[in-house]
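Here's the structure, in structure tokens; my notes come after.
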Amino acid sequence: VTVGMGKVYHPGHTKNDDGTLSWSLDQFPYFHPSNFETNISDAPDNRFQDGMITDTALHRLQALHDKQDHKPFFMAVGLHKPHIPWVMPQRFLDAQLPIDQTDMASHDTPPQGYCNASLYICDNLYKGLPWDPAPKSAQQDHRRKYRAAVSWTDFNVGRILAQLETLGYQNDTMVIFHGDHGWHLGERGVWCKQSNFDLVARVPLMVHVPWLPQSHGKRTTGMVEMVDLMPTTLDLMGLTDKVHDFHQLEGSSFKKLLVSPDTVVWKNATFTQYPRCLSSSHPQKEPWDYPSDNACTGERPNKFQAMGYSIRADRWRYTAWVDWHGKTRQPIWDVLHGEELYDHDGDDGMDTDKFENVNLADDPTYSVTKEGLMAALRAGWQAAVPSPSHMPRV
């Protein structure tokens, strides 16, 4: 039985949320909230978008339990927050520090040596330019509301986990919690998500597998990507043989990291990419000459101007902004519009504002490092995965 609700797919970007291809619609129709609260208020939790989704998850878990047929189930719960607009019950905002005590980004202007293609003007939050930071009060207000939205999501996730335990599912149900992208809150002078900075590419990821106690409460330095989630889930459930194109998936199972959290031999890089399109406000300027305010989400790939390809290795993030051939929908690697190279030495992921403040791409000291990362970037994800003979056995 497969059950889905909320923002599993981006709303409207997959027809009927994939319909019967993905979901047991004969038992549980796909659920999207409607007529929900659109302002921060003291309305009951079940009047808010994610409150409705969470309630539906609880009810459907109960319904699955009441069937008493012990059939396996897969449930995908897509909570919207902390995506904008930041709307949540008032008490979660009240629990935050007062606005005048809320911090700001410690680096709220573009990196030293930045390239224009790396920047984006998120005009639904702040219409100013990245090198002209938002007023202090606005930054504090945005950051405070974002954190309140995170707290609201934490509360709803807690309700779902409590229901699993109440129904006796906690010892035989795998739980995966993840975000779909990171978010700028003024860092680098940028707002929203349309970039290749590490802050946007990194997401929360927690995996709880009851039958692998050695992984409980552990962190790993192994690199994983969102495309790894499907092969990992199938692997952990013993279903790889039932998926005829399993070996064509553009991802790798990280079951080995859960079985042996201290695994050393693992993939040595991860990959992200994001396009650049002509600005809506300055269409006469290329996005590498002036930061764009066009997220490209409404553009066909043949309208892209450039593509930012990014690789994250253990210590470095390198991004190449290359020309885009619209007709063939392919990058023109020989036409570079910008490069970024950032040193992440000592980065444990806990400080979102400490790194990527100095672009080293033009520093000849790091030319060999940059060339090696460019070669690895062009070689792609398959070259970053160790061969089976070098992988630890499970």
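The values are calculated or read from the model by the stated rules, or taken from the named source; none is laboratory data. What you see is a predicted model; the values in this text were computed from it and never measured. Ideal geometry is used to build each Cβ from the backbone, glycine not excepted, and the neighbour counts take in all protein chains shown. Areas reflect the complete protein model, heavy atoms only, side chains present, ligands, DNA and RNA absent. Shrake-Rupley method; radii C 1.70, N 1.55, O 1.52, S 1.80 Å.
At-a-glance table
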item: Residue in the range 48-56 that is open to solvent by 40 Å² or more (accessible area, probe 1.4 Å), free of Cβ contacts under 8 Å to residues at least 60 places away in the same chain and more than 30 Å from VAL322 (Cα to Cα) present; result: no
item: Residue identified as charged (D, E, K, R), surrounded by fewer than 20 Cβ atoms within 10 Å (Cβ to Cβ) and at pLDDT below 90 among ASP245, ASP262; result: ASP262
item: Single residue of the range 308-332 satisfying the filter (of a type in the set (A, V, I, L, M, F, W, C) and free of Cβ contacts under 8 Å to residues at least 24 places away in the same chain) that is nearest to TRP191 (Cα to Cα); result: VAL322
item: Residue in the range 205-223 that is among the hydrophobic types (A, V, I, L, M, F, W, C) and at pLDDT below 95 present; result: yes
item: Only one of PRO386, PRO331 that is outside any strand (DSSP E or B) and either surrounded by 12 or more Cβ atoms within 10 Å (Cβ to Cβ) or of a type in the set (Phe, Trp, Tyr) (or both); result: PRO386
item: Condition broken by THR221, with the remaining ones in (1) outside any loop (DSSP other than H, G, I, E, B); (2) of a type outside the set (D, E, K, R); (3) open to solvent by 40 Å² or more (accessible area, probe 1.4 Å) satisfied; result: (1)
item: Unique match (being surrounded by fewer than 22 Cβ atoms within 10 Å (Cβ to Cβ) and without any contact (Cβ under 8 Å) to a residue 40 or more places away in the chain) among GLN273, GLN305, GLN284; result: GLN284
item: Matching residues in the range 343-373 - criterion: being among the polar types (S, T, N, Q) and either closer than 16 Å to SER310 by Cβ or modelled with pLDDT of 95 or more (or both); result: ASN357, ASN359, THR365, SER367, THR369
item: Hits in the range 335-346 (condition: buried (at least 18 other Cβ atoms within 10 Å of the Cβ) and either out of contact with any Cys (no Cβ under 6 Å at 6 or more places or on another chain) or without any contact (Cβ under 8 Å) to a residue 12 or more places away in the chain (or both)); result: HIS337, GLU339, GLU340, LEU341, TYR342
item: Any hit, the range 195-218, residues being of a type in the set (Lys, Arg), under 17 Å from ARG312 (Cα atoms) and surrounded by fewer than 20 Cβ atoms within 10 Å (Cβ to Cβ); result: yes
item: Checking ASN124 against (1) modelled with pLDDT under 95; (2) open to solvent by 40 Å² or more (accessible area, probe 1.4 Å); (3) more than 23 Å from the chain's Cα centre (by Cα), the condition it does not meet; result: (3)
item: GLY4, sole failed condition from (1) part of a strand (DSSP E or B); (2) modelled with pLDDT under 95; result: (2)
item: Residue list for the range 144-182, restricted to those being touching a helix residue (DSSP H, G or I) at 6+ places or on another chain (Cβ under 7 Å) and assigned to a loop (DSSP other than H, G, I, E, B); result: LEU167, GLN170, THR173, MET174, HIS181, GLY182
item: Search result, residues across the range 361-378 that are assigned to a loop (DSSP other than H, G, I, E, B), open to solvent by less than 60 Å² (accessible area, probe 1.4 Å) and under 24 Å from PRO275 (Cβ atoms); result: ALA361
